[in-house]
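Worksheet: one structure, shown below.
The values are calculated or read from the model by the stated rules, or taken from the named source; none is laboratory data. Bear in mind that the values here come from a model prediction, so they are computed numbers and not experimental data. Positions of Cβ are backbone-derived with ideal geometry, glycine not excepted, and every protein chain shown enters the neighbour counts. Ligands, DNA and RNA are excluded from the accessible area calculation, which covers all protein heavy atoms including side chains. Shrake-Rupley method; radii C 1.70, N 1.55, O 1.52, S 1.80 Å.
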Amino acid sequence: MPSETSQTLDRGLRVLRVLSESPDGLTVTELSGRLQVNRTVVYRLVSTLEQHGLVRRDARSRLFVGLGVLHLASGVQPLLRDLAMPVLRRLAESVGSTAHLTVADGDEALALAVVEPTWTDFHVSYRVGARHPLSQGAAGKAIALTDPAGSAYAVTSGELQSGARGLAAPVLGVEGLHASVGVVTLDGAIDEDVVAPQVMAAAHEVAERLR
């Protein structure tokens, strides 16, 4: 027997999804067409979402996702960290390198969780909250690896920090999340044949925990 659902809530969530995929914004009429829902109904949905800051309207009456979504999203970050930390801890201890979960935040990569190994004399420092362009560093480049037939991980050397080398794999199959799991270590200290499978396995485990 199918579970009961709220049609109004479903439509409101669809409004947010369609607007999130429309960087140039949409008019109420355009949004009505995309949703195949009566314009009057869409107007009521939009008005309600505007009151909660989840939708905003510009001077041309084009609709966009509102900043209120950021407040909702901020509550997700602690959950991501909590679910990823045990996986990162095992990875850091196993390979003897600093392990991290990095997420895409606009056109930047944001380090959301970091674990340093406890038994090594030297390791690269990498702090939570660190940001860098998605186009630089293994963590950012791995986030873009969404083609299963392509490369399974990214490796970089000295792009973000002199003398450091990174290897990261994308976290795949979690809707709405663009992230990677990786390690960063001293240049030349990564044995790809040994480390890459462990990083990819860790990324897969994080994805499984988030589904």
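Quick notes on this structure:
- One residue from 135, 94 being among the small types (Gly, Ala, Ser), closer than 30 Å to residue 185 by Cβ and assigned to a helix (DSSP H, G or I): 94
- Filter pass, residue 71 being surrounded by fewer than 16 Cβ atoms within 10 Å (Cβ to Cβ) and touching a Gly at 6+ places or on another chain (Cβ under 9 Å): yes
- Test: residue 93 is without any contact (Cβ under 8 Å) to a residue 24 or more places away in the chain and either over 30 Å from residue 14 (Cβ atoms) or open to solvent by 70 Å² or more (accessible area, probe 1.4 Å) (or both): no
- Extreme residue, farthest from residue 18 (Cα to Cα), among residues of the stretch 137-151 that are aliphatic (A, V, I, L, M) and open to solvent by less than 10 Å² (accessible area, probe 1.4 Å): 138
- Residue satisfying all of: in the stretch 41-56; open to solvent by 80 Å² or more (accessible area, probe 1.4 Å) and not aromatic (Phe, Trp, Tyr); farthest from the chain's Cα centre (by Cα) among these: 44
Yes or no, residue by residue, for (1) in contact with a helix residue (DSSP H, G or I) (Cβ under 7 Å, 6 or more places away or on another chain); (2) at pLDDT below 95:
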site: 1; (1), (2): no, yes
site: 46; (1), (2): yes, no
site: 92; (1), (2): no, no
site: 99; (1), (2): yes, no
site: 104; (1), (2): yes, yes
site: 107; (1), (2): no, yes
site: 112; (1), (2): yes, yes
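- Residue 99 vs. criteria under 20 Å from the mean Cα position of the chain (by Cα), open to solvent by 30 Å² or more (accessible area, probe 1.4 Å) and either more than 30 Å from residue 160 (Cα to Cα) or touching a residue at least 12 places away in the same chain (Cβ under 8 Å) (or both): no
- Filter pass, residue 73 being assigned to a helix (DSSP H, G or I) and either free of Cβ contacts under 8 Å to residues at least 12 places away in the same chain or out of contact with any strand residue (DSSP E or B) (no Cβ under 8 Å at 6 or more places or on another chain) (or both): yes
- Only listed residue being modelled with pLDDT under 95 and out of contact with any Lys or Arg (no Cβ under 7 Å at 6 or more places or on another chain), chosen from 157, 151, 180: 151
- One residue stands out among those in the stretch 152-188 that are of a type in the set (Gly, Ala, Ser) and surrounded by fewer than 18 Cβ atoms within 10 Å (Cβ to Cβ): the one that is nearest to the chain's Cα centre (by Cα), which is 176.
- Within the stretch 168-196, residues that are farther than 14 Å from residue 153 by Cα have Cβ atoms under 8 Å from residues that are part of a loop (DSSP other than H, G, I, E, B) and open to solvent by 60 Å² or more (accessible area, probe 1.4 Å) in these pairs: 173/211; 174/211; 185/123; 186/122; 186/123, counting only partners at least 6 apart in sequence or on another chain.
- Taking each residue of the stretch 13-42 that is of a type in the set (Gly, Ala, Ser) and looking for partners that are in a helix (DSSP H, G or I) and open to solvent by less than 80 Å² (accessible area, probe 1.4 Å) with beta-carbon atoms closer than 6 Å, six or more apart or interchain, yields 32/42.
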